[in-house]
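Here the structure is laid out as structure tokens; the discussion comes afterwards.
Laboratory data are not the source of any read-out in this text; all were calculated from the coordinates shown. Everything quoted here is computed from the prediction, not taken from an experiment. As a convention, Cβ positions derive from the backbone with ideal geometry for all residues, glycine included, and neighbour counts pool all protein chains shown.
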């Protein structure tokens with residue numbers, strides 16, 4: 001029974017992290033193709049610009065909401081697992 005709950009927790013954690021990884025991968029692909037075309041990537045508009053140069057803005061700074069939600073859900077899963085573990089010790 002314990003192995004099954006650990007597996008479900010792992011699956012839930014992976015499902016929570018997938019949107020964050022997906023957003024990062026899509027953005028990296030867009031930036032790479034823009035730079036290969038000789039452009040500068042506008043991180044605020046998420047567009048390739050061949051006319052002007054744009055500053056780099058870190059992923060974490062631009063996607064703080066997505067990262068915050070992901071961390072809160074992972075924390076909630078960890079707390080739920082801890083509470084379940086403590087209850088099991090009390091039995």
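Can you tell me which residue within region 80-91, out of those that are out of contact with any helix residue (DSSP H, G or I) (no Cβ under 9 Å at 6 or more places or on another chain) and assigned to a helix (DSSP H, G or I), is farthest from residue 22 (Cα to Cα)?
90
When the residues of region 34-54 are narrowed to those that are under 20 Å from residue 23 (Cβ atoms) and free of Cβ contacts under 8 Å to residues at least 12 places away in the same chain, which ends up surrounded by the fewest Cβ atoms within 10 Å (Cβ to Cβ)?
Applying the first criterion (under 20 Å from residue 23 (Cβ atoms)) to region 34-54 yields 34-35, 41-48, 54.
Keeping just the survivors that are free of Cβ contacts under 8 Å to residues at least 12 places away in the same chain gives 35, 45, 47.
Values: 35: 12, 45: 9, 47: 13.
Ranking the qualifying residues of region 34-54, first place goes to 45.
When residues of region 55-91 are filtered for being more than 30 Å from residue 34 (Cβ to Cβ) and surrounded by 10 or more Cβ atoms within 10 Å (Cβ to Cβ), how many remain?
Residues meeting the conditions: 15.
Would you point out the residue of region 39-79, among those that are part of a helix (DSSP H, G or I) and in contact with a helix residue (DSSP H, G or I) (Cβ under 8 Å, 6 or more places away or on another chain), that is nearest to residue 8 (Cα to Cα)? So that I can check it myself, show each step before the final result.
So the first thing to find is which residues in region 39-79 are part of a helix (DSSP H, G or I), and the list is 59-62, 64-79.
Those still in the list that are in contact with a helix residue (DSSP H, G or I) (Cβ under 8 Å, 6 or more places away or on another chain) too: 59-60, 66-67, 70, 73-74, 77.
Details: 59: 29, 60: 28, 66: 22, 67: 22, 70: 17, 73: 14, 74: 13, 77: 10 Å.
Applying the filter and picking the extreme gives 77.
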